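Nothing in this text is a laboratory measurement; each read-out follows from the coordinates by a stated rule. Note that the structure is a prediction, hence the values are computed from the model and not measured. Backbone-built Cβ (ideal geometry, glycine too); neighbour counts: all protein chains shown.
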2 protein chains.
Amino acid sequence: MRVAAREGLHSVSLRGVAAEAGISLRSIQYFFETKARLMQSGLDALETISNERLSARLRALGPSPGARATLETYFAVALPTDHESRQFHLLWTSYAMLALTDPEVSARTFVDGPNRQQKRIASLLEKGKSEGEFRRALNSETEATILISLIHGLGTAVLVGQRTAESAFASFGHYLDRLSQQTSLEPDRDQHSSA
Amino acid sequence: MRVAAREGLHSVSLRGVAAEAGISLRSIQYFFETKARLMQSGLDALETISNERLSARLRALGPSPGARATLETYFAVALPTDHESRQFHLLWTSYAMLALTDPEVSARTFVDGPNRQQKRIASLLEKGKSEGEFRRALNSETEATILISLIHGLGTAVLVGQRTAESAFASFGHYLDRLSQQTSLEPDRDQHSSA
DNA sequence: ATCTTTGTGATACAACTGTACCACAAAACG
DNA sequence: CGTTTTGTGGTACAGTTGTATCACAAAGAT
């Protein structure tokens with residue numbers, strides 16, 4: 001994973017990871033048999049690690065966090081801010097593109113994973129609705145689809161440097177605001193009202 | 001581009017594209033000098049072609065299309081439905097990941113391009129607001145950020161096969177609906193009202 | 001006609017790739 | 001004890017990679 005994140009997934013070689021791990025080429029062969037299996041193991045490890053990361057951050061929220069706070073944690077974890085999350089986003093996307101052209105890496109991962117997350121977000125929205133944090137008229141399924149796509153899209157924008165993490169977070173917060181604001185009839189205030 | 005879309009960007013070789021083009025290795029060398037320049041030319045061509053594709057689709061909308069119709073066209077073009085747009089999305093993302101690890105391919109492309117599109121969408125929203133198609137209270141900049149991220153995120157979900165193009169289109173439409181709906185106080189209808 | 005530019009073909013080369021094979025050490029097990 | 005399992009190091013091999021080099025052809029320019 002270190003090699004892949006540093007030099008790109010495409011330039012991962014058996015000798016390269018052997019050198020990075022400080023062991024011999026033969027040992028890599030012994031444990032992974034073939035390169036295809038090494039690559040697949042990398043993807044599996046990536047998924048496991050990211051799931052653990054998310055779980056840890058969710059636990060850190062306390063016993064019964066609000067739906068909005070949980071969603072923001074989801075987003076904060078997905079956003080490539082620190083080195084580790086940047087690494088994850090880069091590799092995950094690289095693997096996804098690889099799976100589209102190389103039949104040896106399982107494409108199912110990129111369907112099942114997001115599907116699970118979407119389900120979790122949808123039920124989170126349901127919880128938020130029942131607790132009054134979100135508008136009751138929301139369609140949780142549709143909203144979850146939009147949210148997960150938004151999280152991924154903003155994440156990519158931050159990753160490539162088009163957008164700062166702060167502005168991405170602001171945009172996400174703005175979107176969440178609209179999910180919670182009750183249909184109100186406040187007069188639209190223009191910005192030339194003060195200063 | 002054909003080779004890259006078929007076998008993955010990582011497995012593009014000088015000999016491979018020479019064979020695909022039906023010319024000799026030497027000719028590829030003659031016109032592109034080095035592989036780095038060949039790759040960069042590919043990215044440039046990709047951007048040019050996609051811009052032309054978008055322009056053509058926008059022209060086909062007629063003389064003065066509505067803001068929402070224009071946005072839907074933006075989305076339809078970005079969505080990887082046919083072979084050509086799938087190819088584009090795959091290669092664009094692959095190039096973006098490549099640019100993050102390989103300093104030889106310009107990373108600026110992935111900042112400038114989306115920035116331009118975001119500006120266009122923001123001004124489109126402004127137009128929509130002034131013509132009554134969208135709520136006047138919208139922050140066009142923020143909304144454009146969300147829209148472009150949403151477009152990209154949904155596009156990726158469709159590309160990897162997690163989501164159908166139809167459902168992505170429905171989600172996008174649902175989002176646009178909320179940009180246009182005036183703050184109303186309709187009673188929230190539950191789904192157990194009928195059937 | 002001569003020279004230059006533009007382009008093509010064939011091939012050589014060093015570096016790197018994944019894989020296979022052989023010998024050997026250390027531990028586990030009977 | 002011997003034997004099997006588990007793991008490691010070294011190395012060889014065939015194939016592919018990007019790049020460089022040499023010869024040569026066709027066209028344009030003067």
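Take peptide B:163-175, look around each residue's Cβ out to 10 angstrom, count Cβ atoms belonging to other protein chains, and average those counts.
For peptide B:163-175, the averaged partner shielding equals 3.
Mind checking which of A:Leu124, A:Leu54, A:Thr164 is farthest towards the positive end of chain A's charge dipole, using Cβ charges of +1 (Lys, Arg) and -1 (Asp, Glu) about the Cα centre?
Of the options given, the answer is A:Leu54.
Any idea what angle helix A:165-180 forms with the longest principal axis of chain A, computed on alpha-carbon atoms, 0 to 90 degrees, nearest 10?
50
On a 0 to 90 degree scale, rounded to 10, what angle separates helix A:83-101 from the longest Cα axis of chain A?
For helix A:83-101, the angle is close to 70 degrees.
Determine the shielding of peptide A:92-104 by partner chains: average, over its residues, the number of Cβ atoms on other chains within 10 angstrom of each Cβ.
6
Given the peptides A:123-132, B:73-82, arrange them by the average over their residues of other C-beta atoms within 10 Å, most packed first.
In descending order of packing, they fall as B:73-82, A:123-132.
So how far apart, in nm, are the two label points at A:Tyr30 and B:Ala76 if each is 7 Å from Cα heading toward Cβ?
Computed distance between label sites A:Tyr30 and B:Ala76 equals 6.1 nm.
Extending each Cα 7 Å along its Cβ direction at B:Thr48 and B:Ser106, get the distance between those two points in nm, one decimal.
Here the answer is 1.3 nm between the modelled labels.
List, shortest first and in nm to one decimal, how far the label point of A:Phe31 (7 Å from Cα along Cα→Cβ) is from its counterparts in the other copies.
4.6
If the chain between B:Ala56 and B:Glu131 were fully stretched, how many nm would it gain, using 0.36 nm times the residue separation less the Cα-Cα distance?
Length gained, B:Ala56 through B:Glu131: 24.6 nm.
Tally Lys and Arg at +1 and Asp and Glu at -1 over the other residues with C-beta under 14 Å from the C-beta of B:Leu150: what net charge comes out?
That sum, taken over residues with Cβ under 14 Å, equals 0.
Using a Förster radius of 51 Å, what is the FRET efficiency between A:Glu141 and A:Ser13 based on their Cβ-Cβ separation? Nearest 0.05, please.
Calculated value: 0.75.
Given contacts defined as C-alpha pairs under 8 Å and at least six residues apart, what's the relative contact order of region B:99-155, whole-number percent?
30
Counting partner chain Cβ atoms within 10 Å of every residue's Cβ in A:140-150, what's the average?
6
How many Lys pairs in the protein assembly as shown lie less than 21 angstrom apart by Cα atoms, where the lysines are 8 or more positions apart or on different chains?
Close lysine pairs under the 21 Å cut-off: 4.
Once the label point is set 7 Å along the Cα-to-beta-carbon vector, what list of distances in nm do you get between B:Pro65 and its counterparts in the other copies?
From this label point to the equivalent ones elsewhere in the assembly: 4.1 nm.
Relative to the first principal axis of the alpha-carbon coordinates of chain A, what is the inclination of helix A:35-59, with its axis defined by its Cα atoms, in degrees from 0 to 90 and to the nearest 10?
30
Nm distances between the label at A:Leu54 and the same-position labels in the remaining copies, 7 Å along Cα→Cβ, shortest first?
Listed shortest first, these distances are 3.0 nm.
Once label points are set 7 Å from the Cα along Cα→Cβ at both B:Arg2 and B:Ser180, what is their separation, rounded to one decimal in nm?
Going by the 7 Å Cα→Cβ label model, 4.2 nm.
Contact order normalised by length for chain A, with contacts defined as Cα pairs under 8 Å and 6 or more residues apart; what percent is it?
Normalised by residue count, the contact order of chain A is 19 percent.
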